[in-house]
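Single-structure report; data block below.
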Amino acid sequence: MKLGFIGTGIITSAVVTGFCESGIEDLHIVVSPRNREKAEALHEKYPDIVSVAADNQEVVDQSEWVFAALLPKAAEEIIEPLVFPPEKKFINLVATLSLRRAKELIGDREIMADVVPLTFAANRIGPVVVYPPVPEVVELMSHVGMPVPVDDPQKIAILRTTTSVMSAYYMLLTVLIDWCTKNGLDEPTARKYITSFTEAMSKKAATWDGPLETLAREMTPGGLNWMELTHLEEKDAYTPWTEILDSILQRVIKE
Ligand SMILES: NC(=O)c1ccc[n+]([C@@H]2O[C@H](COP(=O)([O-])OP(=O)(O)OC[C@H]3O[C@@H](n4cnc5c(N)ncnc54)[C@H](OP(=O)(O)O)[C@@H]3O)[C@@H](O)[C@H]2O)c1
């Protein structure tokens, strides 16, 4: 299998690492020379799998699957001059580049899809949205995470929008761990406890049959969880988590 990446930045580094760690046999990955440092780092870590192309056209020429992982503003002008033979399969990671526009730029391809991996693709965990749900693409992306195939561009936009809570979520973990350490707990214990605790809550929620709100309300009246939830609801602390999502969705759709 020959994979090529145009744009060797944060997300390419993560996805390439995931593929290299996946154990796929006979895997060859060629990355674009920008960013030079990141491209060289991938080659140094996986010398038998990853090579650095001389330019973007060489990435296309040497690959069966071509991933575009460029910044929105630059993507179109970088892709447009490239020659894409019809047999190439095209995977778009650029949030703002629609498949309709990609077809105008490189021509229609039998296999073309939008995918949304996240940086934990490096650890081969977490969801990877795939639109449209082309089985070959779903299979490919299953090596770096859990594919979530969707059949409508609105659905990929909604899920892409929810990825915006990642930094806020990590900040919540940071605030909780900081609170523990300020009160005298050592950081490693606090971090181990908080990350294991939140992982267990997510796992339980994933397999819970009923509405998740019943999990939230499953608490001793007047108890510790009741105190925390009541306080946050009195402060309307959940509203800011979702009110910004409408604006982000508009941005994702518009762009
Ligand atoms: N980060 C994520 O978690 C994530 C998740 C899903 C999708 N995405 C999408 O993936 C895309 C890339 O995001 P990113 O976070 O990886 O950004 P990034 O780290 O800035 O990567 C963009 C890369 O493009 C390179 N580049 C610039 N000009 C180029 C050219 N002419 N030819 C080839 N490469 C060129 C840049 O190299 P220089 O450093 O040399 O300029 C940089 O390495 C974005 O559209 C983003 O929406 C990101």
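The values are calculated or read from the model by the stated rules, or taken from the named source; none is laboratory data. None of the values given here were measured: they were computed from a predicted structure. Every residue, glycine among them, receives a Cβ derived from its backbone with ideal geometry; neighbour counts consider all protein chains shown.
Among the candidates 209, 236, 151, single out the residue that is assigned to a loop (DSSP other than H, G, I, E, B), among the charged types (D, E, K, R) and either within 16 Å of the ligand (Cβ to nearest atom) or at positive phi (or both). Spell out the reasoning first.
Numbers: 209 fails: either within 16 Å of the ligand (Cβ to nearest atom) or at positive phi (or both); 151 fails: either within 16 Å of the ligand (Cβ to nearest atom) or at positive phi (or both).
Result of the check over 209, 236, 151: 236.
Could you count how many residues in the stretch 33-56 are of a type in the set (Asp, Glu) and within 15 Å of the ligand (Cβ to nearest atom)?
First, pick out the residues of the stretch 33-56 that are of a type in the set (Asp, Glu): 37, 40, 44, 48, 55.
Narrowing further to those that are within 15 Å of the ligand (Cβ to nearest atom): 37, 40, 55.
Residues flagged as of a type in the set (Asp, Glu) and within 15 Å of the ligand (Cβ to nearest atom) within the stretch 33-56 amount to 3.
Let's see how each residue does on (1) in the same structural domain as residue 107 (by TED's automatic domain parsing); (2) hydroxyl-bearing (Ser, Thr, Tyr); (3) more than 18 Å from residue 119 (Cβ to Cβ):
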site: 19; (1), (2), (3): yes, no, no
site: 22; (1), (2), (3): yes, yes, no
site: 31; (1), (2), (3): yes, no, no
site: 34; (1), (2), (3): yes, no, yes
site: 45; (1), (2), (3): yes, no, no
site: 86; (1), (2), (3): yes, no, yes
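Going through the stretch 2-32 one residue at a time, which ones are more than 7 Å from the ligand (Cβ to nearest atom) and touching a strand residue (DSSP E or B) at 6+ places or on another chain (Cβ under 6 Å)?
2, 3, 4, 5, 16, 28, 29, 30, 31
Going through the stretch 116-148 one residue at a time, which ones are among the β-branched types (Val, Ile, Thr), free of Cβ contacts under 8 Å to residues at least 40 places away in the same chain and assigned to a helix (DSSP H, G or I)? So that I can check it myself, show each step before the final result.
Residues of the stretch 116-148 among the β-branched types (Val, Ile, Thr): 116, 119, 125, 128-130, 134, 137-138, 144, 148.
When the remaining residues are screened for being free of Cβ contacts under 8 Å to residues at least 40 places away in the same chain, the result is 125, 128-130, 134, 138, 148.
Within the stretch 116-148, 138 is the sole residue that qualifies.
So the check is Cβ under 8 Å with 6+ separation or different chains; which pairs have a first residue in the stretch 7-33 that's at positive phi and a second one that's more than 9 Å from the ligand (Cβ to nearest atom)?
Matching pairs, first to second residue: 26/1.
Could you pull out the residue among 228, 187, 218 that is free of Cβ contacts under 8 Å to residues at least 40 places away in the same chain and surrounded by fewer than 11 Cβ atoms within 10 Å (Cβ to Cβ)? Walk me through how you get there before you give the answer.
Working: 228 fails: surrounded by fewer than 11 Cβ atoms within 10 Å (Cβ to Cβ); 187 fails: surrounded by fewer than 11 Cβ atoms within 10 Å (Cβ to Cβ).
Within the list 228, 187, 218, the selection yields 218.
Among the numbered criteria (1) part of a loop (DSSP other than H, G, I, E, B); (2) surrounded by fewer than 20 Cβ atoms within 10 Å (Cβ to Cβ); (3) not basic (Lys, Arg), which one does residue 43 miss?
(1)
Could you please give the count of residues in the stretch 231-245 that are loosely packed, with under 10 Cβ neighbours inside 10 Å and under 14 Å from residue 160 (Cα atoms)?
0
When you go through (1) within 22 Å of residue 141 (Cα to Cα); (2) within 11 Å of the ligand (Cβ to nearest atom); (3) part of a helix (DSSP H, G or I); (4) of a type in the set (A, V, I, L, M, F, W, C) one by one for residue 74, which number turns out not to apply?
Only one criterion is unmet by residue 74, namely (1).
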